[in-house]
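**Student:** Pasting a structure here, questions to come.
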Amino acid sequence: MKLVVVGGVAAGMSIAARARRLDEHAQIVVLERGAHVSFANCGLPYHVGEVIADRSRLLLQTPQSLAESLDLDVRTGVEVLAIDREAKTVRARDLATGREYDEPYDTLALTPGAEPVRPPLPGIDLPGVHVLRRIGDMDRIKADVDGVTDGPPARHAVVIGAGYIGLEMAENLHARGVAVEVVEMTDQVLPALDREMTTTVENHLRAHGVALHLGTAAAAFTTGRERRLRVELKNHTVVETDLVVLAAGVRPATALAVDAGLELGPRGGIKVDARLRTSDPSIYAAGDAVEVEHAALPGTWLIPLAGPANRQGRVAADNICGRDTTFSDVQATSVVKVFDMVAGGTGATEKQLREAGIDHHVAHTHPHGHAGYYPGTSMMHLKVLFAPGTGQILGAQIAGFDGVDKRLDVLATAMRAGMTVTALQDLELAYAPPFGSAKDPVNMIGFVASNVLAGDLQLWHAPDYPDAVDGARIIDVRGPDEYDVWHIPGAENVPLKDLRAAAEQWDRDTPIRLYCAVGFRSYLAYRSLVQRGFADVRTLSGGSATFRAHHHVTPSELDAPTPAISYAENHADPAPAEGAGTVVDLDCTGLACPGPIMKLQQTVAGLAPGDEVVAHVSDPGFALDAPAWATRNGHTLVSLTPEGPGYAARVRKGGGSGGPVRDVAAGPVPPAAARLTDKKSFVVFSGDMDKVVAAFILANGAVAMGDEVSMFFTFWGLNSLRRQDPPRRKRPLMHRMFAMMMPSGASRLPLSTMNMAGAGPALIKSVMRKNNVASLPALIASAQEGGVRLVGCTMTMELLGIAQEDLIDGVELGGVATFLGEANESNGAFFI
């Protein structure tokens, strides 16, 4: 038998090597267009980053070594031009000499792989615009970074595509001191994972100085100044750079198969049967160019991964050599390292299941990689998709730091074995504090999923917000400190410890939607409420951690600006600032939210103003919580430095427990120069009806006494000035969410206490009418007639998606300076 293999990398060399082991007498010829065979293409980014310093370690075999060990005739630099199926020959060309010849075969194996996507954009062929697929591609990119080509070493790069290869290239270029910007046409990095699984990866990239341009794509490449490249994006951004790496995906190399008349599949890949035969029984195919069945999705798919390609090569060789072996399907198991983070998945994603119309359940957990009391761990984000009724595992995804890959492998193995989520509870996995927990993360996700199957737990999910909470009370069962840092709009804070007593006064027919930080406390609350007769209760899958990740909501958007995050290569603590007092080192590693905040609060409470704490936190979400906590408590967040999976946060204690944050080393606040007049200034922060009524009663009373009055409406207080019927306009998702959750206008504000699901305000309004007290809309109109200046906070409007046309007539727009200017001239300022 003579076997000719076209393509000499993963699938091709697997076929050739396996065929030799099965048939010592076969003549086996491998034709490879490139200069290398059997090389480690997955390691290419790491040689650019000099993690793999020795280039030769990527060259696993050579034509000489394969001839000596397996008696294979491997010819590099030979391109196959055409297939003559009737004559059973391939037309080949030696690229070095240009000589063409016909190579006969008894059996042909096609493993042409995939080609990098090079969109037909202006300037795509300019020097400095690279792809990364082969050894030569790697050499050219590394030469640009090393500066061995014409011009200085590249110090800035744009990576097009935020998939696995794109992010690996970003990390390795960054390791070489290259500033990196990543462009991705979808609204997330790692499009192969679901949205909520990638937010922490995005935050981690930004924390390390990698700029992200999401939801846009490259439009053109042009030559810039001093031989640089200009990358024009579709959102009109222009980035000047030294180097471009195209990592926008691959497409199957099917030209040979198409020209030979072989049948293709519905996704454009070569069609094969379970034995990897094409529509011609003498031709087999394997690797990135073929379509295969998916383990959880209908139809055939293109899944360009090294593992499946090697397995397909083995199956094809078995059948070529007379054995009867079938290739089952592909789970698309994959994993990627992004600086200190790891993310990956197996099986179908939720996006894919929804598009395929497959009914499924979803469960999220946020366990630690190993025992929290042992140093070096942090929270991971774990998601499992499974079939209702049977509990069959349809897919799983994980993002985190330590122990991600081994949990992903366990879940991939469980899925391959046909195990259900219930069986995950019973897996006996290796445990010692440095490696895991007595209840492993795999066990934990099994517990949650099994509770869902058994009907012991009803979930609501972040993607379904705000519809999932329509007409329901949203109950946040976290502590008040956590609630103050951030909460879902419209949520009521009822800490778990107070829930049982509070629930005695609740209407048991009103839908309840619970949540906490990661889902455990709200699960306890759920079990309590359903056993107390509440008819419609659900808890948020994955808690606020998953919600914030899916909707890309951070505390800083509502509470405080996020400071610039510094990055030190050695992750050393920042030096004490001038004027700082005592510096306390605080170990918060292993603590999940709200543990770091609570420990930090306790430590800061025992310090004097000006003293500092350097908190070492392994929770990556601390980057979002720290600025909000510091601002709310009147402290200064001096710096935030990435440190392993988390951060080192330097916090300087302020002089009070709230109010404006001021660096204590900056000196005293200068006295106000303006004289005080008969003028009153109000800040209306509250959106409670009773408090806003009190504000307008005071304002109207001040006007009646001859005072000038200005009222500055910020955050929830601005709801009192909203129209009930604003004009329709297109709004982003977050703005639609806020609009649905916030009361629309003065007549729909709740009470601060005794709200009773809306019954309280109706009762108070009735009492006001009986006692001839003007309604809130009437008080607002009276204030405007009396000359009260109503000012809407522009920052609040931007954050909450409120436009000027959403407000009643006569409202001015202003910012903090507007209020402070009024307050400086006033002899009375009120915060309501």
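Bear in mind that the values in this text are calculations on the coordinates, not laboratory data. Bear in mind that the values here come from a model prediction, so they are computed numbers and not experimental data. Note: ideal-geometry Cβ built from the backbone for every residue, glycine included; neighbour counts use all protein chains shown.
**Student:** Write down, largest first, the equivalent ellipsoid semi-axes of segment 424-476 in whole Å, where each equals the square root of 5 times an eigenvalue of the alpha-carbon gyration tensor. Display every interim value, and only then the final one.
**Tutor:** Details: eigenvalues 201, 35, 14 Å².
Here the semi-axes work out to 32, 13, 8 Å.
**Student:** In Å and whole numbers, how far do the C-alpha atoms of segment 92-182 stretch along each principal axis, longest first?
**Tutor:** 52, 30, 28
**Student:** Right, next: Computed from the mean reciprocal separation of all distinct C-alpha pairs, what Kirkwood hydrodynamic radius does segment 677-831 have, in Å? Please list the in-between numbers first.
**Tutor:** Details: mean 1/r = 0.0627 Å⁻¹.
Across segment 677-831, the inverse of the average 1/r is 15.9 Å.
**Student:** Next question, about the same structure. Please report the antiparallel percentage of the DSSP beta bridges confined to the chain, to the nearest 5.
**Tutor:** On the way: 66 of 135 bridges.
If I count the DSSP bridges inside the chain, around 50 percent turn out antiparallel.
**Student:** Run down the aspartates and glutamates and flag those whose C-alpha is under 13 Å from the C-alpha of K88, throwing out any fewer than 8 positions away in its chain.
**Tutor:** Partners found: D102, E103, D106, D280.
**Student:** Rounded if a/c is under 1.5, else prolate if a/b beats b/c, else oblate: with a ≥ b ≥ c from the C-alpha gyration tensor eigenvalues square-rooted, which is segment 1-141?
**Tutor:** Oblate, since a/c reaches 1.5 and b/c is not below a/b.
**Student:** Pairing the Cα long axis of helix 595-605 with the longest principal axis of the chain, what angle in degrees results, from 0 to 90 and rounded to the nearest 10?
**Tutor:** 40
**Student:** Which FRET efficiency value, to the nearest 0.05, is calculated for E68 and E355 with the Förster distance at 45 angstrom and r the Cβ-Cβ distance?
**Tutor:** 0.35
**Student:** Something else about it: About the Cα centre of segment 286-341, how large is the charge dipole given +1 on each Lys and Arg Cβ and -1 on each Asp and Glu Cβ? Please answer in debye to the nearest 20.
**Tutor:** My answer is approximately 160 debye.
**Student:** Give me the one-decimal nm value for the distance between modelled label points at E24 and R532, 7 Å along each residue's Cα-to-Cβ direction.
**Tutor:** Each label point is offset 7 Å from its Cα along the Cβ direction, giving 7.9 nm.
**Student:** Further, regarding this structure: Could you please state, rounded to a whole Å, how far the C-alpha centre of segment 492-552 is from the C-alpha centre of segment 103-150?
**Tutor:** 54
**Student:** If you put +1 on each Lys and Arg Cβ and -1 on each Asp and Glu Cβ, how big is the dipole of segment 460-553 around its Cα centre, in Debye rounded to 20?
**Tutor:** 360
**Student:** What base-10 log of the normalised intensity I(q)/I(0) is obtained for the chain from the Debye formula, alpha carbons as equal point scatterers, at q = 0.11 Å⁻¹?
**Tutor:** Each listed q corresponds, in turn, to -1.34.
**Student:** Can you give the net charge of the other residues whose Cβ lies under 13 Å from the Cβ of M598, counting K and R as +1 and D and E as -1?
**Tutor:** -3
**Student:** Apply the Karplus parameterisation 6.51 cos²θ - 1.76 cosθ + 1.60, with θ equal to phi minus 60°, to every residue of segment 147-161 and state each ³J(HN,Hα) to the nearest whole Hz, in sequence, with x for glycine and proline.
**Tutor:** x, 8, 8, 4, x, x, x, 5, 10, 8, 9, 10, 9, 9, x
**Student:** Right, next: Stretched out fully, how many nm does the piece from A781 to L733 gain, at 0.36 nm a residue minus the Cα gap?
**Tutor:** That works out to 14.0 nm of additional length.
**Student:** Okay, next question. Which values, in whole Å and largest first, are the semi-axes of the equivalent ellipsoid of segment 340-455 obtained as the square root of 5 times each eigenvalue of the Cα gyration tensor?
**Tutor:** Square roots of five times the eigenvalues give 24, 15, 11 Å.
**Student:** While we're looking at this one, here's another question. Find how much the distance from D587 to A306 grows on full extension, using 0.36 nm per residue of separation minus their present alpha carbon separation; answer in nm with one decimal.
**Tutor:** Stretched out fully, the D587 to A306 stretch lengthens by 97.0 nm.
**Student:** Let me ask something else. Of L59, V239, G8, whose Cα points farthest to the positive end of the dipole of the chain (charges on the beta-carbon: +1 Lys, Arg; -1 Asp, Glu; origin at the Cα centre)?
**Tutor:** With unit charges placed on the Cβ atoms, the residue in question is V239.
**Student:** Next up: Collect residues whose amide H, placed 1.01 Å from N in the peptide plane, falls under 5 Å from the amide H of W301; neighbours closer than 5 in sequence don't count.
**Tutor:** Answer set, sorted by chain and number: V292, E293, H294.
**Student:** Normalised by the number of residues in segment 752-832, what is the relative contact order in percent for Cα pairs under 8 Å and 6+ residues apart?
**Tutor:** Once divided by the residue count of segment 752-832, the mean separation gives 21 percent.
**Student:** While we're looking at this one, here's another question. Of G706, G717, M754, which is farthest along the charge dipole of segment 677-831 in the positive direction, counting Lys and Arg as +1 and Asp and Glu as -1 at C-beta?
**Tutor:** Farthest towards the positive end: M754.
**Student:** Could you tell me the distance between the Cα centroids of segment 400-464 and segment 753-796, to the nearest Å?
**Tutor:** When both Cα centres are located, 51 Å separates them.
**Student:** Now a separate question. Where does segment 460-553 land on Rg/Rh, using Cα atoms and the Kirkwood Rh? Mind dumping the intermediate values first?
**Tutor:** On the way: Rg = 12.1 Å, Rh = 13.0 Å.
Rg/Rh for segment 460-553 comes to 0.93.
**Student:** Using a Cα-Cα cut-off of under 16 Å, which lysines could be cross-linked to K351, ignoring same-chain neighbours fewer than 8 residues away?
**Tutor:** K383
**Student:** Report the label-to-label distance for N235 and R323 in nanometres (one decimal), using points 7 Å from each Cα along the Cα→Cβ vector.
**Tutor:** Each label point is offset 7 Å from its Cα along the Cβ direction, giving 5.2 nm.
**Student:** Quick one: 3J(HN,Hα) in Hz for segment 407-419, Karplus 6.51/-1.76/1.60 with θ = phi - 60°, rounded, Gly and Pro as x.
**Tutor:** Couplings: 5, 5, 5, 4, 5, 5, 5, 4, 5, 4, 7, x, 6 Hz.
**Student:** Counting GluC sites (Glu not before Pro) as exposed when in a DSSP loop with at most 10 other beta carbons within 10 Å, what is the longest stretch of the chain free of them?
**Tutor:** 87-427
**Student:** Further question on the same structure: Nearest 10 degrees, 0 to 90: what angle lies between the long axis of helix 164-175 and the longest principal axis of the chain (Cα atoms)?
**Tutor:** 80
**Student:** So, one more: At a threshold of 8 angstrom on Cα-Cα distance, excluding pairs fewer than six apart, so keeping six or more, what relative contact order does the chain reach in percent? Working shown, then result.
**Tutor:** Values: 1786 pairs, mean separation 64.4, N = 832.
The value is 8 percent.
**Student:** Next up: Take V148 and L126, extend 7 Å from each Cα along the Cα→Cβ direction, and tell me the distance between the two endpoints in nm.
**Tutor:** 2.5
**Student:** For K142, go through the aspartates and glutamates and keep the ones whose alpha-carbon is under 12 Å away, minus same-chain ones fewer than eight residues off.
**Tutor:** Those aspartates and glutamates meeting the cut-off are E50.
**Student:** Over segment 383-473, what is the mean sequence separation of C-alpha contacts under 8 Å (at least six apart), divided by residue count, expressed as relative contact order in percent?
**Tutor:** Numbers: 89 pairs, mean separation 21.1, N = 91.
Relative contact order comes out at 23 percent.
**Student:** Next question. Just how large is the dipole of the chain about the Cα centre, in debye to the nearest 20, putting +1 at every Lys and Arg Cβ and -1 at every Asp and Glu Cβ?
**Tutor:** Numbers: 76 positive and 96 negative charges, 243 e Å.
Dipole magnitude for the chain comes out near 1160 debye.
**Student:** Could you calculate the contour length gain from E100 to L813, that is, 0.36 nm times the residue separation minus the distance between their Cα atoms, to one decimal place in nm? Before the final figure, lay out each step's value.
**Tutor:** Numbers: separation 713, 0.36 × 713 = 256.68 nm, distance 7.66 nm.
Taking 0.36 nm per residue and subtracting the Cα distance, the gain is 249.0 nm.
**Student:** Determine ³J(HN,Hα), in whole Hz, for all residues of segment 526-533 in sequence, where each value follows from phi through the Karplus function 6.51 cos²θ - 1.76 cosθ + 1.60 and θ = phi - 60°; x replaces Gly and Pro.
**Tutor:** 4, 4, 5, 5, 5, 7, 9, x
**Student:** With unit charges on the beta carbon (Lys/Arg positive, Asp/Glu negative), name the residue among S681, A348, S618 whose Cα is farthest towards the positive pole of the charge dipole of the chain.
**Tutor:** The Cα lying farthest towards the positive end belongs to S681.
**Student:** Roughly how many Å is it from the Cα centre of segment 43-60 to that of segment 291-315, as a whole number?
**Tutor:** Segment 43-60 and segment 291-315 have Cα centres separated by 27 Å.
**Student:** Enumerate the amide H contacts of V683 below 5 Å, restricted to partners 5 or more residues apart or on another chain; note that Pro and chain-start residues carry no placed amide H.
**Tutor:** Amide H neighbours of V683, under 5 Å, 5+ apart: F712, F830, F831, I832.
**Student:** Count charges around A396 for me, please; just the other residues with Cβ under 15 Å from its Cβ, Lys/Arg as +1, Asp/Glu as -1.
**Tutor:** Local net charge: -1.
**Student:** Sticking with this one: Only residues of segment 138-168 count here: report those whose backbone N is under 17 Å from the spot 7 Å along Cα→Cβ of T222, or say none.
**Tutor:** Those under the cut-off are none; the list is empty.
**Student:** Ok, one more. Just the number, please: percent antiparallel of the DSSP beta bridges in segment 129-248, rounded to the nearest 5.
**Tutor:** Once the DSSP bridges in segment 129-248 are tallied, antiparallel ones form about 35 percent.
**Student:** Another question, if that's okay. For every helix of n ≥ 4 consecutive DSSP H residues, a contribution of -39,500 (n - 2.57) applies; sum these over the chain, divide by its total residues, and give [θ] at 222 nm rounded to the nearest 500 deg cm²/dmol.
**Tutor:** Theoretical 222 nm ellipticity from helices: -8500 deg cm²/dmol.
**Student:** Now for a different question. Amide H to amide H, which residues 5 or more places from L212 or on other chains are under 5 Å from it, using H placed in the peptide plane?
**Tutor:** V182
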